[in-house]
Structures are given as C-alpha cells and as structure tokens.
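Enquirer: Here it is, the structure, as structure tokens.
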Amino acid sequence: MLRGRRDRHHRLGFLVPFAFATVAAITQPFVGHILGLRVAETQPAKLAAFELAETTEQPAPLRLGGVIIDGEVRYNFDIPKIGSLIARNSFDKPVPGLDTIPEDEHPPVNLTHLSFQTMVGLGTLLAGSTVLFWLARWRRRDLTQNRWFLRFAVLAGPLAVVALEAGWIATEVGRQPRVVWQVLRTTEAAGDSPRIWWSLTGTIIVYAGMTTAAIVTLRSMARRWRAGEHDLPSPYGPEASA
Ligand code: HEM
C-alpha cells in the first residue's frame, strides 16, 4: 500500500484523469444509442448486421454473441424485446432482417456484429466501472487503494483503444459493399494512385517515432523513480512541501 505524500500525489494523478474519463465513459452509451437510432433509418443493412438479424423480428431480441453460419444464427444468447428497445427506442418496433435486403448489398455480417458487440460490451464495462468507483467513494470506500481496481484501471486504457477500433470496424465494414449507402460502391471509389504509398509510409514513420519517444520517456521516468528520485519535477502536481 502507498503512504503519505507519495500516496496523495498518486491519488491526485489518478483522480484528475479519472474524472474526465468518467464524463466520457458515461456520455458514450447515450451518444452511441442516438447514433444507433439513426442507423435504423439510414443504413438498415448495417443495423441488421449489428443485431445479427437474419430475419425481421417484431419485437426483436437483443442478440448477445452468436455468428451466422450457412444462413443460421448460432451460439447466441437472446434477451427478448431489448433489441427493439436499443435499436428503435420501442418495445415492439421491428428490426428489419437481412432477408429484406438484396444479397449483393449484405455487409460481412459476422465481423460487423462481433466488432459492434465488442465496442458496446467494452463501453458498458468502462462506464460501469466509473459508476462503481464513485458509488464506492460515496460509501467512503476508496478504490484507489484496491489493487484489483487499479489493475483494471491500467487495463482500461488499452480496452478503450480496442473499443475505438471495434467501433470503427463496425461502422466501416457494416457499410460494405458501399462507401456511401445506395450511392457509391467501394469498388468504384477505391483509387490505385502509387502516391498513396508515400503518405502511408510518412504516417507510419511519424507515428512509430512518437510511440517510441513516449515509451522511452515513460521508461526513463519509471527508472528514475525506482532509483529513489521521488521528487521528479511535476509542473502541475501538488507543492513538494504539501
Ligand atoms: C456503450 C455503448 C456504445 C454504444 C451503444 C455505441 C454505439 C455506436 C453506434 C450505433 C455506432 C455506429 C454509427 C454508424 O455506423 O453510423 C458507433 C460507432 C463508433 N463507436 Fe460506439 N458505441 C458505444 C461505445 C463506444 C466506445 C466506448 C468507443 C470507444 C472508446 C466507441 C467508438 C466508436 C467509434 C470509433 C465509432 C465509429 C465512428 C465513425 O467512424 O463514424 N463506441 N457506436
């Protein structure tokens, strides 16, 4: 367990970003839900893939997990009616199934569904953990002193990146085979300019450089800390004499 002034520094270092993370994590499901309602109207094929809806169901269940194999939904766990609630804001509106959409307009269904559920699952977990933290604090339990919560907090950073990538995959793969629904096919939009390699290479070099610099800096700070230099300069930290 951490003690004294070091303890206060660490707790503040945790609480400030965690307060921002709380606002973001709790806002996200609401924003996501509003986006989802729009998808029902503007991109029904994507919604059918998000919800793994092979056929139209009214009311539609919330389908957890599952994949479509040979036109059949398998390995799923359904919660009745909740699909309609989440996708349509109603207990009885239908979620139109993939069978209402021509076969050559279907996105890759399993990848779209699983990445969508990865995003929403992680989003729910992250939002839930912030609620848990503040509830515990309200009941005078300080989870910054709980090793398991701190381990989870370390994991939460990479998990948020996974949620971000999954959200992007769900959005982009779910729109296939088009880049603009009903207007432009991906095959019509894709370019073959050789100059694309220059911008891709440039981007990779810049980001690899920034990642390396971040890792080197953090490792050197950790090394100095372990070597006993506990009063490392921290411009925004509490007064050293506090
Ligand atoms: C917990 C509940 C969440 C819900 C209900 C939700 C819902 C949605 C929906 C419906 C879309 C699709 C929009 C479209 O295709 O038009 C979307 C996209 C996206 N989501 Fe989530 N989401 C949630 C959490 C998260 C979290 C935690 C992250 C990242 C940390 C995230 C990152 C993204 C990203 C990057 C996109 C793609 C946006 C774009 O490229 O236009 N989502 N989300």
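Enquirer: Answer yes or no as to whether Gly157 is more than 18 Å from Ala53 (Cα to Cα), surrounded by fewer than 18 Cβ atoms within 10 Å (Cβ to Cβ) and not acidic (Asp, Glu).
Expert: Working: more than 18 Å from Ala53 (Cα to Cα): yes; surrounded by fewer than 18 Cβ atoms within 10 Å (Cβ to Cβ): yes; not acidic (Asp, Glu): yes.
Yes: the conditions hold for Gly157.
Enquirer: Still on this structure, please answer the following. Of the numbered conditions (1) within 26 Å of Phe20 (Cα to Cα); (2) basic (Lys, Arg); (3) touching a Lys or Arg at 6+ places or on another chain (Cβ under 7 Å), Arg139 satisfies every one except a single condition; which is it?
Expert: (3) is the only condition that Arg139 fails.
Enquirer: Same structure again: Confirm whether Ala60 is of a type in the set (Gly, Ala, Ser), touching a strand residue (DSSP E or B) at 6+ places or on another chain (Cβ under 7 Å) and in the same structural domain as Pro107 (by TED's automatic domain parsing).
Expert: Working: of a type in the set (Gly, Ala, Ser): yes; touching a strand residue (DSSP E or B) at 6+ places or on another chain (Cβ under 7 Å): yes; in the same structural domain as Pro107 (by TED's automatic domain parsing): yes.
Here the answer is yes, as Ala60 does meet what is asked.
Enquirer: Right, another one. So which residues in region 112-128 are surrounded by fewer than 17 Cβ atoms within 10 Å (Cβ to Cβ) and touching a residue at least 60 places away in the same chain (Cβ under 8 Å), if there are any at all?
Expert: Selection gives Thr124 alone.
Enquirer: Check Val131, Val179 and return the single one that is surrounded by 12 or more Cβ atoms within 10 Å (Cβ to Cβ) and either in contact with a strand residue (DSSP E or B) (Cβ under 8 Å, 6 or more places away or on another chain) or not in a helix (DSSP H, G or I) (or both).
Expert: On the way: Val131 fails: either in contact with a strand residue (DSSP E or B) (Cβ under 8 Å, 6 or more places away or on another chain) or not in a helix (DSSP H, G or I) (or both).
Among Val131, Val179, only Val179 is surrounded by 12 or more Cβ atoms within 10 Å (Cβ to Cβ) and either in contact with a strand residue (DSSP E or B) (Cβ under 8 Å, 6 or more places away or on another chain) or not in a helix (DSSP H, G or I) (or both).
Enquirer: Continuing with the same structure: Of all the residues that make up region 166-198, how many are among the aromatic types (Phe, Trp, Tyr) and within 20 Å of His113 (Cβ to Cβ)? Break it down into steps so the answer makes sense when it comes.
Expert: Taking region 166-198 first, the residues among the aromatic types (Phe, Trp, Tyr) are 168, 181, 197-198.
If we keep only those that are within 20 Å of His113 (Cβ to Cβ) too, we end up with 168, 181.
Residues that pass the stated criteria total 2.
Enquirer: So is Val31 modelled with pLDDT under 90 and assigned by TED's automatic domain parsing to the domain that holds Leu143 or not? Quick ask: steps written out before the conclusion?
Expert: Values: modelled with pLDDT under 90: no; assigned by TED's automatic domain parsing to the domain that holds Leu143: yes.
For Val31, the condition - modelled with pLDDT under 90 and assigned by TED's automatic domain parsing to the domain that holds Leu143 - is not met.
Enquirer: Would a scan of region 37-47 turn up a residue that is more than 15 Å from the ligand (Cβ to nearest atom), at pLDDT 90 or above and touching a Pro at 6+ places or on another chain (Cβ under 9 Å)?
Expert: Residues of region 37-47 that are more than 15 Å from the ligand (Cβ to nearest atom), as a first pass: none.
Within region 37-47, none of the residues are more than 15 Å from the ligand (Cβ to nearest atom), at pLDDT 90 or above and touching a Pro at 6+ places or on another chain (Cβ under 9 Å).
Enquirer: If you don't mind, there's one more thing I want to ask. Which count do you get for residues in region 82-109 that are of a type in the set (Gly, Ala, Ser) and touching a Leu at 6+ places or on another chain (Cβ under 9 Å)? Even if it seems obvious, please write down each step before you answer.
Expert: Start the filter on region 82-109 by keeping residues that are of a type in the set (Gly, Ala, Ser), which leaves 83-84, 87, 90, 97.
Those left that are additionally touching a Leu at 6+ places or on another chain (Cβ under 9 Å): 83-84, 87.
Of the residues in that region, 3 qualify.
Enquirer: Let me ask you something else. Looking only at region 69-85, decide whether some residue is among the small types (Gly, Ala, Ser), touching a residue at least 24 places away in the same chain (Cβ under 8 Å), within 16 Å of the ligand (Cβ to nearest atom) and in the same structural domain as Gly32 (by TED's automatic domain parsing).
Expert: Initial filter on region 69-85 (among the small types (Gly, Ala, Ser)): 71, 83-84.
The next check asks that each one be touching a residue at least 24 places away in the same chain (Cβ under 8 Å); those that pass are 83-84.
After this cut, where a residue has to be within 16 Å of the ligand (Cβ to nearest atom) as well, the list is 83-84.
Next cut, in the same structural domain as Gly32 (by TED's automatic domain parsing) only: 83-84.
Among the residues of region 69-85, at least one is among the small types (Gly, Ala, Ser), touching a residue at least 24 places away in the same chain (Cβ under 8 Å), within 16 Å of the ligand (Cβ to nearest atom) and in the same structural domain as Gly32 (by TED's automatic domain parsing), which makes the answer yes.
Enquirer: Please go through region 12-36 and pick out each residue that is in contact (Cβ under 8 Å) with a residue 40 or more places away in the chain, within 23 Å of Val173 (Cα to Cα) and either more than 8 Å from the ligand (Cβ to nearest atom) or of a type outside the set (Gly, Ala, Ser) (or both).
Expert: Narrowing region 12-36 to residues in contact (Cβ under 8 Å) with a residue 40 or more places away in the chain: 12-15, 18, 21-22, 25-26, 28-29, 32-33, 36.
Filter once more, so that each one left must be within 23 Å of Val173 (Cα to Cα): 28-29, 32-33, 36.
Passing the criteria: Gln28, Pro29, His33.
Enquirer: Look through Asp7, Asp70, Asp104 and report the one residue that is at pLDDT 90 or above and either over 23 Å from the mean Cα position of the chain (by Cα) or surrounded by 18 or more Cβ atoms within 10 Å (Cβ to Cβ) (or both). First the steps, then the outcome.
Expert: Details: Asp7 fails: at pLDDT 90 or above; Asp70 fails: at pLDDT 90 or above.
The match here is Asp104.
Enquirer: If you don't mind, another one. Residues that are assigned by TED's automatic domain parsing to the domain that holds Ile69, within 14 Å of the ligand (Cβ to nearest atom), within 30 Å of Arg74 (Cβ to Cβ) and not small (Gly, Ala, Ser): does region 129-144 have at least one? Even if it seems obvious, please write down each step before you answer.
Expert: First, pick out the residues of region 129-144 that are assigned by TED's automatic domain parsing to the domain that holds Ile69: 129-144.
Restricting the remaining residues to those that are within 14 Å of the ligand (Cβ to nearest atom) gives 129-131.
Checking which are within 30 Å of Arg74 (Cβ to Cβ) leaves us with none.
No, region 129-144 contains no residue that is assigned by TED's automatic domain parsing to the domain that holds Ile69, within 14 Å of the ligand (Cβ to nearest atom), within 30 Å of Arg74 (Cβ to Cβ) and not small (Gly, Ala, Ser).
Enquirer: Moving to a separate point now. Hey, among Glu105, Glu72, which residue is of a type in the set (Asp, Glu) and closer than 14 Å to Ala48 by Cβ? Quick ask: steps written out before the conclusion?
Expert: Details: Glu72 fails: closer than 14 Å to Ala48 by Cβ.
Going through Glu105, Glu72 in turn, just one is of a type in the set (Asp, Glu) and closer than 14 Å to Ala48 by Cβ: Glu105.
The values are calculated or read from the model by the stated rules, or taken from the named source; none is laboratory data. The structure presented is a predicted model; accordingly, all values stated were derived computationally and were not measured. Counting neighbours? That spans all protein chains shown, and the Cβs are built from the backbone with ideal geometry, glycine included.
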